[in-house]
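Participant: Mind looking over this structure? Questions follow.
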Amino acid sequence: MAENFLFEKDGAIATITFNRPEVRNCLNEPIILEFESLLHRVRDDRETRVLIVTGAGTTFCAGADTSPLKGVTDLKEQRRIFNRTGGRWPRLIGRAFDVLANLDQVTIGAINGHAVGGGWSFALAFDFAIAVEEAEFWVPEVDLDVPYRGLPAIVLAARLGPWRAKEAILMCRKYTAAELLRMGVLNRVVKRADLLPVARDLASTMAGKPAGAIAASKRGINAVFFGQRQF
């Protein structure tokens, strides 16, 4: 069986790859917990200065595993099933988001395709986000009768502003990579062939900067987004 994640290290740069392309790198409870465990591994490794996160295949992360909804056409029944099977996931995603957003290391999202629901939540947590041209981003939770809240919602609102955040969350609106680049939510949009080279070049640059100053500066910026708290 293929590994759910690939973990690689090249000197001071670590890379985590969602490795379930056959199901569009979707999330379930064991996958979220495994991702959080890998983030703890990076957090506790003082050699690692930069983390790149990407996905195998052409989807970054399709969010919650919706396979229990397969063949169900009634919207009310879809919502009932999803709430029963995925009720704990928002809390677990929020917990992993918190770890990712508050790593002392620089984090770079190499977003290789669509980022949906929890996938977009994780994409919001990166210090730098680089996406392929064809990537789209949306949160379908409200349509599935699941509130989109917690730290990911706070950051989404901070980055989009209150009106666009309501559009994204309440209307479940899809955004293209080009739109998010114009709105300042992405750092760069590149062709697929350039994604990892651009991410690795940025990682090399950031790995050469003083780690203590990077970590302290990140804490100050995070305090603006997340409120005054100890990280």
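Participant: Show me the ranking of peptides 6-14, 169-177, 217-225, 59-67 by mean Cβ neighbours inside 10 Å, starting with the highest.
Facilitator: The densest-packed peptide leads the list: 59-67, 169-177, 6-14, 217-225.
Participant: Check which residues have an amide H placed less than 5 Å from Gly117's amide H, if you skip close sequence neighbours.
Facilitator: Trp138, Val139
Participant: Just need the relative contact order of the range 5-226 here, percent rounded to a whole number, with Cα pairs under 8 Å and 6+ apart.
Facilitator: Dividing the mean separation by the residue count of the range 5-226 yields 20 percent.
Participant: Please state the relative contact order of the range 81-173 as a whole percent: Cα pairs under 8 Å, 6+ residues apart?
Facilitator: 28 percent
Participant: Can you list residues whose amide H is under 5 Å from Ala129's amide H, if they're 5+ apart or on another chain and H is modeled 1.01 Å from N?
Facilitator: Correct list: Gly109, Asn187, Arg188.
Participant: Here's a follow-up. Hey, what do the phi angles of the range 197-202 turn into as Karplus ³J(HN,Hα) couplings, whole Hz, using 6.51/-1.76/1.60 and θ = phi - 60°, x for Gly and Pro?
Facilitator: The phi angles translate into x, 5, 4, 5, 5, 5 Hz.
Participant: Over the range 138-231, what is the mean sequence separation of C-alpha contacts under 8 Å (at least six apart), divided by residue count, expressed as relative contact order in percent?
Facilitator: In percent, rounded to a whole number, it is 28.
Participant: Let me ask something additional. With each run of n ≥ 4 DSSP H residues scored as -39500 (n - 2.57), what mean residue ellipticity at 222 nm is computed for the chain after dividing by its residue count and rounding to the nearest 500 deg cm²/dmol?
Facilitator: -13500 deg cm²/dmol
Participant: Still on this model: Does anyone have the angle between helix 211-226 and the longest principal axis of the chain? Alpha-carbon axes, 0 to 90°, nearest 10?
Facilitator: Here the helix axis deviates by roughly 30 degrees.
Participant: Please grab the % of Cα pairs in the range 73-134 that end up more than 21 Å from each other.
Facilitator: 38 percent
Participant: Along the charge dipole of the range 5-226, Cβ charges K/R +1 and D/E -1, which of Phe97, Ile31, Asn112 sits furthest on the positive end?
Facilitator: Positive-end residue among those listed: Phe97.
Participant: With θ set to phi - 60° and the Karplus curve 6.51 cos²θ - 1.76 cosθ + 1.60, what are the ³J(HN,Hα) couplings of the range 177-189 in order, to the nearest whole Hz, using x for Gly and Pro?
Facilitator: Going residue by residue, I get 4, 4, 4, 5, 5, 5, 7, x, 8, 10, 7, 8, 10 Hz, with x marking Gly and Pro.
Participant: If the elastic network links every pair of Cα atoms under 10 Å, which of Trp120, Trp163, Trp89 fluctuates the most in the Gaussian network model of the chain?
Facilitator: In this elastic network of the chain, the residue with the biggest mean-square fluctuation among Trp120, Trp163, Trp89 is Trp163.
Participant: About the Cα centre of the chain, how large is the charge dipole given +1 on each Lys and Arg Cβ and -1 on each Asp and Glu Cβ? Please answer in debye to the nearest 20.
Facilitator: 600 debye
Participant: Tally the DSSP beta bridges in the chain and give the antiparallel ones as a percent, rounded to 5. Don't skip to the end; give the middle numbers.
Facilitator: Details: 8 of 31 bridges.
In the chain, DSSP labels about 25 percent of beta bridges as antiparallel.
Quick note: the coordinates plus some simple rules give every number you see, no bench work behind them. This structure is a prediction, so every number in the text was calculated from the model and none was measured. Neighbour counts run over all protein chains shown; Cβ positions are idealised from the backbone, glycine included.
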